[in-house]
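Read the structure below first, then the notes.
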Amino acid sequence: MKPFRLLPYRARCTSPALGLGLALTRLTALALAASALTVHAAIIQVPANTALQASIDAAQPGDTLVLAQGSYQGNIIVNKPLTLQGPSDRQAVLVGEREGRTVWVQAENVQIRHITVSNSGLSLPDMDAGIFLDKPAHNALIEENDILDNLVGVYVWGPHDALVQGNIIVGNKELRLNERGNGVTLWNSPGSRILNNDISWGRDGIFSNTSRDNVFSHNRFTQLRYAVHYMYTNNSEISSNISIGNDIAYALMFSQFLTVRENISINSTHQGLMLNAAQQSTITDNIVDGAEKGVFLYNANFNKIHGNLIQNTQIGVHYTAGSEGNEITDNAFIQNQNQVKYVGTRYLEWSSQGRGNYWSDHSAFDLNGDGIGDTAYRPNGLIEQLVWRAPSARVLLNSPAVSIVRWAQTQFPAILPGGIMDSAPLMRAPENPVWERYKATHDPIH
């Protein structure tokens, strides 16, 4: 009997009915193939302390390997569509050889869940990792695992539509910061998502390079250099993440068309939000509490920065390197030692359509009750520039001489050195949609 062969659909069919029939035949054949795969899929029990690689080699595509509590020896290669499933307490422990990749996925539609993966190699040039998703590993699912003591926790190297979610990823604590790998490294993996992970003790929490259409959401980051680090990553989203005590929370570099919303940064050492050559992106409803610089814009252009809360920083916004075309409105700048540090000589307006920002140090009246201050806010006078250049001059801020200079600037605007002006400052801070989540995260720390 000759094997069934699916006829190709020919675009030049003269009969619509014939074309439709051929298309239906093709769909039916695909459905039968998928059904056959499902029928033959098996659930295989793999006892602890047995050769997991041998079980993988013997399995058929679509099979599920169920790992028992106990230890399994890495390194393993998964080169067919399989599911590796451990117990819900994640006590199936896959221990690598401290060289290379503990789990190397080389096929699409692989699922790994409820397993502890540890002890990868420590070579950054060799891209060692706890779980390495190679280029063919499309649609991989890495879910609810403990990924501990590896160089890189999960390395997503080129597959599309991978999903890494619900994992606890802890790096090697014995390495120095710059010797560590990232919690998740992602390269050229369009459509991939990193969701609901707890990532700590790496170099960066998530590092994305040369990618697009990614979503990083609802992750928690601690003990890192950068929580999220974007390089040449476009049309992507960073949302609802929490960064606590990292050097920089969200570093957006050489990327464009990003959506960065409803993230929280608490006690960053240097910067809460850093935009370095980030273009045409929307930065909304984020909270930065405590940092050297709340927002740092360096050659960042044509971004919309709306609805953010920046408080308790040394500098609320550091604006430099020719950044232009940015729309900065409806933000709240509260109790920052310096609200704005602007390096430049141009005049920039930080209000749009009659709405500016809220400034906690701005003393203004609102005689008509429209919620907009009656006088403009100018954070970059001669005195502010003096304090930037000589911080010890801060002791003179309440002196009569400083008061005279401030008065002179209000009467003779021509002596202002250029800088930021908010012509429609808000009398009240706008409500932030992540305030309740911020308080729940923030209060126990203090």
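The values are calculated or read from the model by the stated rules, or taken from the named source; none is laboratory data. Here the structure is a predicted model, which is why all the values come from computation and not from measurement. Cβ atoms come from the backbone with ideal geometry, glycine included; neighbour counts cover every protein chain shown. To get the accessible areas, we keep the full protein, side chains included, count just its heavy atoms, and leave off ligands, DNA and RNA. Shrake-Rupley method; radii C 1.70, N 1.55, O 1.52, S 1.80 Å.
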Next on the checklist: Rounded to the nearest 10 Å², what accessible area does residue 296 have for a 1.4 Å probe in the complete protein model?
Outcome noted: 30
Item to check | Whole-angstrom gap from segment 172-203 to segment 278-328, using each part's C-alpha centre | outcome: 25
Checklist outcome for this item: By accessible area (1.4 Å), largest first, 77, 142 order as 77, 142
Item to check | Length released on extending from residue 366 to residue 69, taking residue separation times 0.36 nm less the Cα-Cα span | outcome: 100.2 nm
Item to check | Largest to smallest accessible area among 341, 135 [probe 1.4 Å] | outcome: 135, 341
Checklist entry - Could you list, bin by bin from short to long, the percent of Cα-Cα pairs of segment 252-295 in 10 Å steps? => result 30, 52, 18
Checklist entry - In straight Cα distance, which lysines are under 21 Å from residue 304, not counting same-chain residues fewer than 8 positions off? => result 293, 341
Checklist entry - Rounded to the nearest 10 Å², what accessible area does residue 104 show when all protein chains are kept and the probe is 1.4 Å? => result 80
Item to check | Table column - 3J(HN,Hα) (Hz), segment 42-56, Karplus curve with 6.51, -1.76, 1.60, x for Gly and Pro | outcome: 10, 9, 10, 7, 10, x, 5, 6, 10, 6, 5, 4, 5, 5, 5
Item to check | Anchor residue 80: lysines whose Cα lies under 23 Å away (excluding residues fewer than 8 positions away in-chain) | outcome: 135
Checklist outcome for this item: Phi-derived 3J(HN,Hα) across segment 256-272 with the Karplus relation (6.51, -1.76, 1.60, θ = phi - 60°), rounded Hz, x for Gly and Pro, is 8, 6, 9, 10, 10, 9, 6, 9, 10, 10, 10, 6, 5, 5, 10, 9, x
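How much net charge surrounds residue 432 when only other residues with a Cβ under 15 Å from its Cβ are counted (Lys, Arg +1; Asp, Glu -1)?
-2
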Next on the checklist: Net charge around residue 127, counting only other residues with Cβ within less than 11 Å of its Cβ (Lys, Arg = +1; Asp, Glu = -1)?
Outcome noted: -2
Next on the checklist: Binning at 10 angstrom from zero up to the longest distance, how are the C-alpha pair distances of segment 63-187 distributed in percent?
Outcome noted: 15, 51, 30, 3, 0
